[in-house]
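Below is one structure, written out as structure tokens, with a few remarks after it.
Nothing in this text is a laboratory measurement; each read-out follows from the coordinates by a stated rule. Fair warning: this is a prediction, and the values are worked out from it, not measured in the lab. Note that each Cβ is placed from the backbone with ideal geometry, even for glycine, and that neighbours are counted across all protein chains shown.
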Number of protein chains: 2
Amino acid sequence: MNIGDVSIRSGLPVKTIRYYEDIGLVSPLRSENGYRTFQEKELHKLSFLARARSLGFTIEVCRTLLGLYDDHSRESSDVKRIANEHLEQIETKISGLETMRAALSHLIDECAGDHRPDCPILEDLGGISEH
Amino acid sequence: MNIGDVSIRSGLPVKTIRYYEDIGLVSPLRSENGYRTFQEKELHKLSFLARARSLGFTIEVCRTLLGLYDDHSRESSDVKRIANEHLEQIETKISGLETMRAALSHLIDECAGDHRPDCPILEDLGGISEH
DNA sequence: GCTTGACCCTCCACCCACTGAAACGTTTAC
DNA sequence: GTAAACGTTTCAGTGGGTGGAGGGTCAAGC
């Protein structure tokens, strides 16, 4: 398989696949013309990466997970711990964003949004908080 | 005021303030020894930026908002539109993260997390989805 | 056999919003 | 006088790619 095929089958952009080779996540062979040649195994790795990335795992954690995937003597507790740490980070991000959303939507509700210049949003940003 | 004072009073790291000067968000004067000298107005701008950034506005949007803040003939509808666009982006991010959280916590629940190698998390990433 | 278009290659620069570190000058407190 | 705490510049790096220039290769159609 050439890179275009694995791109379609893994769902990863061609550029991303080259980048993943650069950082040592996959190691496709090369044919005589210099084209990358992917075996099923490499395609499988790329699909693994696509899925793990879509769950928000960082590249470095993906590298670890790939290692655990290949290591048949792993303990599932190791994987679960990594996943739990990541879940916590996701939850932290969500609550940060929810705080932003609450503050912002409150300001938006207060703002008339008409042709006049008076704007509680700018007043808040400017620190004229008198309440 | 020197940069350290405005750092404390605005809540922004010294490095960030220098960076904001670099990209033209603030323009402090310089005293004879080369130190940046901040007027109240510049401090006020930096506090505005700190607050806007904490609400997740990008630097470029902050630049626009600062312009609107200074423009007393602005219309509040312009500000509200920008805020609403940003709110939508926040909500998109939140729902993306919530999708991740759901998928991930489902997998974590399925995983025994013991000394055995069997792990639904890795099975999912590996694409052995047979259900 | 020649052209066209779809592939493929490498290499460099850029995105965002900082942050760290090196190497140095200035001010302040004791 | 000296040490600490401040200030300065400049360069490089972060994460995870993306865009573009400037080429080489391959298959199909004429």
Where N is the number of residues in the stretch B:75-131, Cα Rg divided by 2.2 N^0.38 Å: 1.89
Check: chain B dipole with +1 on Lys, Arg Cβ and -1 on Asp, Glu Cβ, in debye: 960 debye
Chain A: translational diffusion in µm²/s, Stokes-Einstein, Kirkwood Rh over Cα pairs, 10 °C, 1.306 mPa s: 85 µm²/s
Rel. contact order, % - alpha carbon contacts under 8 angstrom, at least six apart, chain B: 15 percent
Whole-Å distance, taken between Cα centres, linking the stretch B:43-62 and the stretch A:4-61: 39 Å
Charge sum, other residues only, whose C-beta stays under 13 Å from A:Glu40's C-beta, Lys/Arg counted +1 and Asp/Glu -1: +1
Choice from B:Glu85, B:Glu32, B:Glu60 with maximal GNM fluctuation in chain B (Cα, 10 Å cutoff): B:Glu32
Bins of 5 Å from zero: percent of alpha-carbon pairs in the stretch A:58-105: 5, 18, 20, 17, 11, 9, 9, 6, 4, 1, 0
Folded to 0 to 90 degrees: helix A:40-54 orientation relative to chain A principal axis, Cα: 10 degrees
Ranked A:His115, B:His86, B:His44, criterion: other C-beta atoms within 10 Å, fewest first: A:His115, B:His44, B:His86
Approximate spin-label separation A:Gln89-B:Ala112, in nm, with each point projected 7 Å along Cα-to-Cβ: 2.8 nm
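With a cut-off of 8 Å between alpha carbons and a minimum separation of six or more residues, what is the relative contact order of the stretch A:1-72 in percent?
On the way: 56 pairs, mean separation 21.6, N = 72.
Here the relative contact order equals 30 percent.
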Solution diffusion estimate, µm²/s, Stokes-Einstein, the stretch B:1-78, Kirkwood Rh from C-alpha pairs, 10 °C, viscosity 1.306 mPa s: 122 µm²/s
Separation in nanometres of the label points that stand 7 Å from Cα toward Cβ, at A:Ala102 and B:Leu29: 4.3 nm
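Averaged over all directions, how much area does the convex hull of the C-alpha atoms of the protein assembly as shown cover when projected, in nm²?
Averaged projected area of the protein assembly as shown's Cα convex hull equals 21.2 nm².
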Distant-in-sequence amide H partners of A:Val26 (H built 1.01 Å from N, under 5 Å): A:Glu21
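What average number of partner chain Cβ atoms lie no more than 10 Å from the Cβ of the residues making up B:68-80?
Across B:68-80, the average partner-chain Cβ count within 10 Å equals 6.
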